[in-house]
Amino acid sequence: MSAAALNSRSMAATEFAVDGRSLLGLSMASDGPPSVPVELQLKAEQKYEAVQQVIVNLEQAIRRDGEPDRRWLRGLLNPKEQCFRTLVALLVEPKYEVFVHLQCVALRAVQMLLRVAVNILPGGLADPNTGMRILRDLAGQKLATEAYHQVSRVAVGHVEPLLACNAMLVLAELGPEALEVSAASVVPRLLDLFVALPDRADELVEVALRMHAWGKEPRKLLLEQSVLHAGGRLLGEVLLQVINRGDAARVMRAVKVLSGCLSLPNGELLLYTNDAKILMEILLRELPNHAEDEAAFACHADCLRALSLRYQAARQHSRWNEVLQVLTDLRDDELVLGSVRTKCRETISALQGETEMENMELDVPSSAS
């Protein structure tokens, strides 16, 4: 396990803003309603501080990534160790449900431990449902089931966006098994959270990328609703950032999400005009870079085709002719993979056909009034 691998998906975020206040520096004494006994509030504050410390220790171990740190992390994932089970129990204990800040940090700590487990346990990355299996193994079937249902309810129904966001991130760590059942509720809530918590967009985009990668109903709903929801445009902005500076695997996933959205009716609603122009320039830059990778090239070419179909601004971009020239050069280069040359030929034909159709429409005289 490397620190880069764990942190590449924005895990290290121990300080959150709630109404302008620092979550980790906030006293728990006034978190519950006035009717909550003082003794219970004090207990909740103690637990809050203890969970804070767990998060800090986790982050330090991940950042250092030395052998003692890895050994300590593996120890936390031993079924005989009670840390994980205790954190999960906090999520389902009714008397602590009113303490939003305690719930927030408990969810964050659970998410972090799940991600650590997936990365360091043998075969963890091979199965997308590893997170759910780990939850059951470490918390026990009964508690795991209770926690899953509670986290799902919070993710889709809690009025506090920050709490819902942390719950959403836990669901994503659990895998497709946790999301497929409630996808119809999770997807619109996810898009709502992009609007409510733009500062958490870098984390929320990972949920969207995973939903798409897992396919089935979550992917279908994500694509369909993103082009119609205000949060979809914010998602599109973050996907552009991922494509522009992300690692290769995340870039591919982000390009596929954009392609899928742009290919749908109303796909032109996803991006602002300026963002469409930026995407055109990114694709122009990246297409030659992927000429030796058949899958990556096809992915970028499909996105270019979908973009040009939906956005006149892309077809009228000042570098449009450069796009066609790059594709033509790759098509005619005998050293380029045959499958890539074929894809270039298909893409050029499609792009030129769209341009010709547009020109024909412009040439049609208007009927006399």
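Quick check, is V238 closer than 24 Å to A126 by Cβ, touching a helix residue (DSSP H, G or I) at 6+ places or on another chain (Cβ under 7 Å), open to solvent by less than 20 Å² (accessible area, probe 1.4 Å) and in a helix (DSSP H, G or I)? So that I can check it myself, show each step before the final result.
Numbers: closer than 24 Å to A126 by Cβ: no; touching a helix residue (DSSP H, G or I) at 6+ places or on another chain (Cβ under 7 Å): yes; open to solvent by less than 20 Å² (accessible area, probe 1.4 Å): yes; in a helix (DSSP H, G or I): yes.
Judged against the criteria, V238 is not a match.
Kindly check whether there is at least one residue in the stretch 132-148 that is open to solvent by 20 Å² or more (accessible area, probe 1.4 Å) and small (G, A, S).
Yes; the residues of the stretch 132-148 include at least one that is open to solvent by 20 Å² or more (accessible area, probe 1.4 Å) and small (G, A, S).
Among the numbered conditions (1) under 23 Å from L269 (Cα atoms); (2) part of a helix (DSSP H, G or I); (3) open to solvent by 90 Å² or more (accessible area, probe 1.4 Å); (4) modelled with pLDDT under 95, tell me where R305 comes up short.
Here R305 clears every test but (4).
Answer yes or no as to whether V251 is closer than 29 Å to V340 by Cα, of a type in the set (A, V, I, L, M, F, W, C) and open to solvent by less than 10 Å² (accessible area, probe 1.4 Å). Spell out how you get there, then give the answer.
Working: closer than 29 Å to V340 by Cα: yes; of a type in the set (A, V, I, L, M, F, W, C): yes; open to solvent by less than 10 Å² (accessible area, probe 1.4 Å): no.
So V251 fails the test.
Can you list the helices (runs of 4 or more DSSP H) lying wholly within the stretch 129-181 that have 1 or more residues being farther than 22 Å from L73 by Cβ and either among the small types (G, A, S) or modelled with pLDDT of 95 or more (or both)? Before you say what the answer is, go through the steps one by one.
On the way: elements: 130-139, 141-157, 161-174, 176-180.
Answer list for the stretch 129-181: 141-157, 161-174, 176-180.
Looking at the stretch 63-124, what helices (runs of 4 or more DSSP H) fall wholly within it and have at least 1 residues that are under 26 Å from the mean Cα position of the chain (by Cα), more than 26 Å from Q46 (Cβ to Cβ) and aromatic (F, W, Y)?
Working: elements: 67-76, 83-92, 100-120.
So the answer is none; nothing clears 1.
Quick one: which of A109, A139, A89, A50 is of a type outside the set (S, T, N, Q) and in contact with a Lys or Arg (Cβ under 9 Å, 6 or more places away or on another chain)? Spell out how you get there, then give the answer.
Numbers: A109 fails: in contact with a Lys or Arg (Cβ under 9 Å, 6 or more places away or on another chain); A89 fails: in contact with a Lys or Arg (Cβ under 9 Å, 6 or more places away or on another chain); A50 fails: in contact with a Lys or Arg (Cβ under 9 Å, 6 or more places away or on another chain).
Testing whether each residue is of a type outside the set (S, T, N, Q) and in contact with a Lys or Arg (Cβ under 9 Å, 6 or more places away or on another chain) leaves just A139.
Filter the stretch 254-271 for residues that are farther than 19 Å from D202 by Cα and either open to solvent by 10 Å² or more (accessible area, probe 1.4 Å) or in contact with a strand residue (DSSP E or B) (Cβ under 8 Å, 6 or more places away or on another chain) (or both) and give the result.
Scanning the stretch 254-271 gives S259, G260, S263, L264, P265, N266, E268, L269.
Given (1) in a helix (DSSP H, G or I); (2) open to solvent by 10 Å² or more (accessible area, probe 1.4 Å); (3) more than 25 Å from L163 (Cβ to Cβ), where does L228 come up short, assuming only one miss?
Single failed check for L228: (1).
Sort out which residues of the stretch 43-71 are farther than 21 Å from L90 by Cα, in contact (Cβ under 8 Å) with a residue 40 or more places away in the chain and open to solvent by 20 Å² or more (accessible area, probe 1.4 Å), and write them in order of number.
R63, R64, D65, R70
So that you can scan it fast, the table gives a plain yes or no per residue for (1) over 29 Å from R108 (Cβ atoms); (2) assigned to a loop (DSSP other than H, G, I, E, B); (3) without any contact (Cβ under 8 Å) to a residue 24 or more places away in the chain:
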{"position": "A208", "(1), (2), (3)": "no, no, no"}
{"position": "H212", "(1), (2), (3)": "no, no, no"}
{"position": "K220", "(1), (2), (3)": "yes, no, yes"}
{"position": "V255", "(1), (2), (3)": "yes, no, no"}
{"position": "D275", "(1), (2), (3)": "yes, no, no"}
{"position": "E281", "(1), (2), (3)": "yes, no, no"}
{"position": "L284", "(1), (2), (3)": "yes, no, no"}
{"position": "L287", "(1), (2), (3)": "yes, no, no"}
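Please go through the stretch 311-330 and give me each residue that is open to solvent by 70 Å² or more (accessible area, probe 1.4 Å), of a type outside the set (D, E), assigned to a helix (DSSP H, G or I) and touching a helix residue (DSSP H, G or I) at 6+ places or on another chain (Cβ under 8 Å), ordered by number. Don't jump to the end; show me each part of the working.
Just the residues of the stretch 311-330 that are open to solvent by 70 Å² or more (accessible area, probe 1.4 Å), to begin with: 312, 316, 318-319, 321-322, 325, 329.
Then drop every residue that is not of a type outside the set (D, E), which leaves 312, 316, 318-319, 321, 325.
Checking which are assigned to a helix (DSSP H, G or I) leaves us with 312, 321, 325.
Matches in the stretch 311-330: Q312 only.
The values are calculated or read from the model by the stated rules, or taken from the named source; none is laboratory data. It should be emphasised that the depicted structure is a prediction, and the values quoted were computed from it without experimental measurement. Here Cβ is always computed from backbone atoms with ideal geometry, including for glycine, and neighbour counts include all displayed protein chains. Only protein heavy atoms, including side chains, enter the accessible area calculation; ligands, DNA and RNA are left aside. Shrake-Rupley method; radii C 1.70, N 1.55, O 1.52, S 1.80 Å.
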